[in-house]
Amino acid sequence: MIWAASKAKEKLAFLASGLYLTGMLGGAAFALYPTGLPARVGAYSLTIRNTAAGHHGLWVGLVGWIFGLTLALACFFFIYRRFKGKVQVEGEGY
């Protein structure tokens, strides 16, 4: 990442930093595997089994995500179609 940044290769530096962060997070998750968040008292640690969401909650989340993504994409396409083209500057001012 440092080498790419010094050579003005911004895309490569960005990809290297993203890969580094992904590797660090993945390594931490792999090291803690059955325990997601350890506690001082072992009985209160959050594990994969006791933090899993129920079927209904996952279903509601999926439906809500699909609805929200559809709404965001529709808004995106509407805005970009509405304001497409070059800006016409008339006179002085902003």
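A short reminder: the numbers here are calculations on the coordinates, not readings from a lab. This is a predicted model, so every value here is computed, not measured. Cβ atoms come from the backbone with ideal geometry, glycine included; neighbour counts cover every protein chain shown.
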- Note on the structure: Rounded to 0.05, the calculated FRET efficiency for the beta carbons of residue 30 and residue 65 at R₀ = 30 Å is 0.65
- Task: Any chance you could check the Cα centroid distance between the range 1-37 and the range 43-94 for me, in angstrom?
- Result: 25 Å
- Let me know the shape class of the chain, please: from the alpha-carbon gyration tensor, a ≥ b ≥ c as square roots of the eigenvalues, rounded when a/c is under 1.5, otherwise prolate if a/b is greater than b/c, or oblate. oblate
- Query: What is the spin-label model distance, in nm, from residue 49 to residue 14 if the labels are put 7 Å beyond Cα along the C-beta direction?
  - Reply: 4.4 nm
- Query: Check residue 47: other-chain or 5+ apart residues with amide H under 5 Å from its amide H, H built from backbone geometry?
  - Reply: 36
- Query: Quick one: Karplus J couplings for the range 36-43, per residue in order, coefficients 6.51, -1.76, 1.60, θ = phi - 60°, nearest Hz, x for Gly and Pro?
  - Reply: x, 9, x, 10, 5, 9, x, 5
